[in-house]
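Data block below; observations after.
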Amino acid sequence: MSQKTLNITGIGEVLFTLSQRSRRLRITIKTANDVVVSMPQGFPMNEAIRFVESKADWIHKQQKKLNAGLTKFSPETCFKTKFHTLSVHQVQTDRLFNRAGNGRIQIFIPEHVPHDHPRIQDFIQKTLIQVMRYEAKIYLPKRLQELAEKHGFRYQDVTIKNTKTRWGSCSGVNNINLNLHLMRLPDLLIDYVLLHELVHTVEKNHGPGFWRKLEQCYPGARQADREMQKYRTQTF
């Protein structure tokens with residue numbers, strides 16, 4: 001087992017992952033609904049489950065903080081993707097609708113409905129996901145190929161996903177998955193994630209060899225990795 005998802009009573013789904021780098025159990029709250037536990041190799045699963053159960057109160061507190069930090073879209077919200085800028089308008093209309101094109105994502109809300117209504121927020125979120133998926137499918141495979149050719153990497157397929165916990169991943173047979181939320185990042189950090197996964201085609205862990213190779217392709221890789229901590233894979 002490299003990873004396994006279990007439903008823990010009172011907490012919900014928890015992803016348990018084995019990590020060669022872990023020396024102890026570590027709980028990470030990736031998003032308001034995602035709990036990830038890193039385990040040392042050989043650690044008993046039943047003990048890991050008991051540990052998570054003992055931390056239920058702490059997990060709930062962290063999830064509450066994350067929920068409070070999620071984006072609530074309003075006419076004042078500043079939200080940009082790589083190719084588009086969002087604008088929210090309350091207008092005289094009886095229906096909720098959108099327009100996307102020419103670098104703009106426009107959301108039109110009936111003026112008598114509060115912008116923070118769950119139906120409104122859900123509509124905006126779905127619109128942004130559609131736009132970012134479209135952008136990602138156009139931009140990311142092409143950019144990945146450019147970087148692979150420049151640095152001499154080979155990979156199999158590339159897939160765009162709406163992943164909750166990872167910016168990207170590389171499978172054992174060198175299929176690369178990329179998160180459509182990359183379209184919210186600065187260009188240099190997009191390149192960092194793409195090169196990170198390309199290096200995994202030859203270095204399957206995060207050992208010294210991985211970082212040496214990544215540094216050759218992306219000088220300042222460690223700093224970029226720290227910069228990535230400022231961004232969340234999901235903000236709404």
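Within the range 151-162, identify whether any single residue is within 29 Å of Asn102 (Cβ to Cβ), crowded, with 18+ Cβ neighbours inside 10 Å and touching a residue at least 24 places away in the same chain (Cβ under 8 Å), and answer yes or no.
Filtering the range 151-162 down to residues within 29 Å of Asn102 (Cβ to Cβ) leaves 158-162.
Going one step further and asking which of them are crowded, with 18+ Cβ neighbours inside 10 Å, we end up with 158, 160.
From what is left, the residues that are touching a residue at least 24 places away in the same chain (Cβ under 8 Å) are 160.
Checked against the condition, which is being within 29 Å of Asn102 (Cβ to Cβ), crowded, with 18+ Cβ neighbours inside 10 Å and touching a residue at least 24 places away in the same chain (Cβ under 8 Å), the range 151-162 yields at least one hit.
Of everything in the range 183-213, what is touching a Gly at 6+ places or on another chain (Cβ under 8 Å) and either surrounded by 19 or more Cβ atoms within 10 Å (Cβ to Cβ) or at positive phi (or both)? Give them in sequence order.
Residues satisfying the conditions are Val193, Leu194, His196, Glu197.
Given Phe16, Phe51, Phe83, Phe97, which one is surrounded by 14 or more Cβ atoms within 10 Å (Cβ to Cβ) and closer than 30 Å to Glu135 by Cα?
Answer to the check: Phe83.
Can you confirm whether Ala148 is touching a helix residue (DSSP H, G or I) at 6+ places or on another chain (Cβ under 6 Å) and over 30 Å from Pro219 (Cα atoms)?
Answer is no for this residue.
Kindly list the number of the only condition in (1) of a type in the set (A, V, I, L, M, F, W, C); (2) at pLDDT 95 or above; (3) in contact with a helix residue (DSSP H, G or I) (Cβ under 8 Å, 6 or more places away or on another chain); (4) part of a strand (DSSP E or B) that fails for Ile109.
(2)
Condition test on Ile176, is it crowded, with 19+ Cβ neighbours inside 10 Å, within 23 Å of Ser38 (Cα to Cα) and outside the structural domain of Val36 (by TED's automatic domain parsing)? First the steps, then the outcome.
Details: crowded, with 19+ Cβ neighbours inside 10 Å: yes; within 23 Å of Ser38 (Cα to Cα): yes; outside the structural domain of Val36 (by TED's automatic domain parsing): yes.
Considered against the rule, which asks whether it is crowded, with 19+ Cβ neighbours inside 10 Å, within 23 Å of Ser38 (Cα to Cα) and outside the structural domain of Val36 (by TED's automatic domain parsing), Ile176 comes out as yes.
Taking only the range 124-138 into account, find how many residues are buried (at least 17 other Cβ atoms within 10 Å of the Cβ) and of a type outside the set (Asp, Glu).
The first filter runs over the range 124-138 and keeps only residues buried (at least 17 other Cβ atoms within 10 Å of the Cβ), leaving 124, 127-128, 131-132, 134-136.
Remaining after also requiring of a type outside the set (Asp, Glu): 124, 127-128, 131-132, 134, 136.
Adding up the residues that qualify gives 7.
What are the pairs with Cβ atoms under 7 angstrom where one residue, in the range 90-119, is touching a residue at least 40 places away in the same chain (Cβ under 8 Å) and the other, located anywhere, is assigned to a strand (DSSP E or B)? Sequence gap at least six, or different chains.
Between residues of the range 90-119 that are touching a residue at least 40 places away in the same chain (Cβ under 8 Å) and residues that are assigned to a strand (DSSP E or B), the close pairs are His115/Val88; His115/Gln90; His115/Ile109.
Is there a residue in the range 67-82 that is closer than 30 Å to Lys204 by Cβ and of a type outside the set (A, V, I, L, M)?
yes
The values are calculated or read from the model by the stated rules, or taken from the named source; none is laboratory data. None of these values were measured; they are calculated from a predicted model. Every residue, glycine as well, gets a Cβ built from its backbone with ideal geometry; the counts of neighbours run over all protein chains shown.
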